[in-house]
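Inspection log for the structure reproduced underneath, given as structure tokens.
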């Protein structure tokens, strides 16, 4: 994207900045030769044995790659009865295409995508991955201290008019200040890297962006006016909602329940390592695109703050409340044409302890 888009109808699937797969170690020469074609296509080879493979799609520099790397280095896949394979995807849309084309078993996406596909007759399921949310960022010297201060300001919004974070912030501004930001502010939409650059160049007064791009602004001494999570809680929505998670076909999950639950258990164990071990962060630092220490620390802090493993029932309750907010704020355009959430979206993941 080379330019900003001002307030006008625009659909956004939401953009996340994810991972590039790490090199697998300890693979035998025979297995490497047998896997040459798969490696050329981007797939990492599974460990030898009879354990079922779980194919995970990852995006460059994103948090899912961190999890995949930890699972493989610590053998958390074999410990939990599966063999993890990872493949690099160009972007979130490519992940959805890979899932629908059976080129991946699991990708990361949002539960609204799952809801829309289920309503259209394709039964996908969702298991929570991260509750990290973005925030409203402003320059160090800015007088913007609340949502009410955005009136008549130049506001950049990552994604588009129906991005969930934007709709939550809009609803919070309406509730707290009687302000419709889509009309009161001079709103432009764009890709997160472009918005960050425009804010740093002084062409925008504030930016609402995703958590990893908010961390990059924090590292450059910009301050967070309010987080999306703060806005959600101000309207009575539960804290720590997982907007994004692991997405997979229900049919595959039913046939591979033990492998899927093993993967979810391994992913939770990898997150626990990141929550408790500074040494583990040093291991994955080359995957983070964070050479400067302030950026590294902000990414680390925001990721750990977003670790949450709500039950399927808790997640569904939160999602239905959020769905109502989205529907009131953005209409069915914000809810993929749906007037209510279909049943069966949230996978009853295994209990996570620690």
Any idea which of (1) closer than 21 Å to residue 59 by Cα; (2) touching a helix residue (DSSP H, G or I) at 6+ places or on another chain (Cβ under 6 Å); (3) outside any helix (DSSP H, G or I) is the one residue 348 doesn't satisfy? (1)
Would you pick out the residues in the range 157-183 that are in contact (Cβ under 8 Å) with a residue 12 or more places away in the chain and over 19 Å from residue 334 (Cβ atoms)? 176, 177
Options 120, 138, 90, 98: the member that is surrounded by 22 or more Cβ atoms within 10 Å (Cβ to Cβ) and either without any contact (Cβ under 8 Å) to a residue 60 or more places away in the chain or more than 21 Å from the chain's Cα centre (by Cα) (or both): 138
Checked the range 328-345 for anything on the phi < 0 side of the Ramachandran plot and not in a loop (DSSP other than H, G, I, E, B); matches are 328, 329, 330, 332, 333, 334, 335
Subset of the range 190-213, residues under 18 Å from residue 143 (Cα atoms) and under 16 Å from the mean Cα position of the chain (by Cα), comes to 208
Complete set of residues in the range 334-354 that are surrounded by 15 or more Cβ atoms within 10 Å (Cβ to Cβ) and within 26 Å of residue 159 (Cβ to Cβ): 334, 335, 336, 338, 341, 345, 346, 347
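With the requirement that a residue be in a helix (DSSP H, G or I) and either more than 16 Å from residue 314 (Cβ to Cβ) or in contact (Cβ under 8 Å) with a residue 40 or more places away in the chain (or both), what does the range 233-257 give you?
Here is the first cut: in the range 233-257, the residues in a helix (DSSP H, G or I) are 233-234, 250-255, 257.
Within the range 233-257, 234, 250, 251, 252, 253, 254, 255, 257 meet the criteria.
Could you pull out the residue among 158, 172 that is buried (at least 24 other Cβ atoms within 10 Å of the Cβ) and within 16 Å of residue 212 (Cβ to Cβ)? Outline the logic, then answer.
Numbers: 172 fails: within 16 Å of residue 212 (Cβ to Cβ).
Unique residue meeting the criteria: 158.
Could you check the range 274-327 and list, in sequence order, the residues that are part of a loop (DSSP other than H, G, I, E, B), over 30 Å from residue 175 (Cα atoms) and without any contact (Cβ under 8 Å) to a residue 60 or more places away in the chain?
The first filter runs over the range 274-327 and keeps only residues part of a loop (DSSP other than H, G, I, E, B), leaving 277, 288-292, 306-311.
Still in the running and over 30 Å from residue 175 (Cα atoms): 277, 288-292.
Once the filter is applied, which keeps residues that are part of a loop (DSSP other than H, G, I, E, B), over 30 Å from residue 175 (Cα atoms) and without any contact (Cβ under 8 Å) to a residue 60 or more places away in the chain, the range 274-327 yields 277, 290, 291.
We did not get these values from a lab; they are worked out from the coordinates using the rules stated. Computed from a prediction, not measured in an experiment: that's the story for all the values here. Here Cβ is always computed from backbone atoms with ideal geometry, including for glycine, and neighbour counts include all displayed protein chains.
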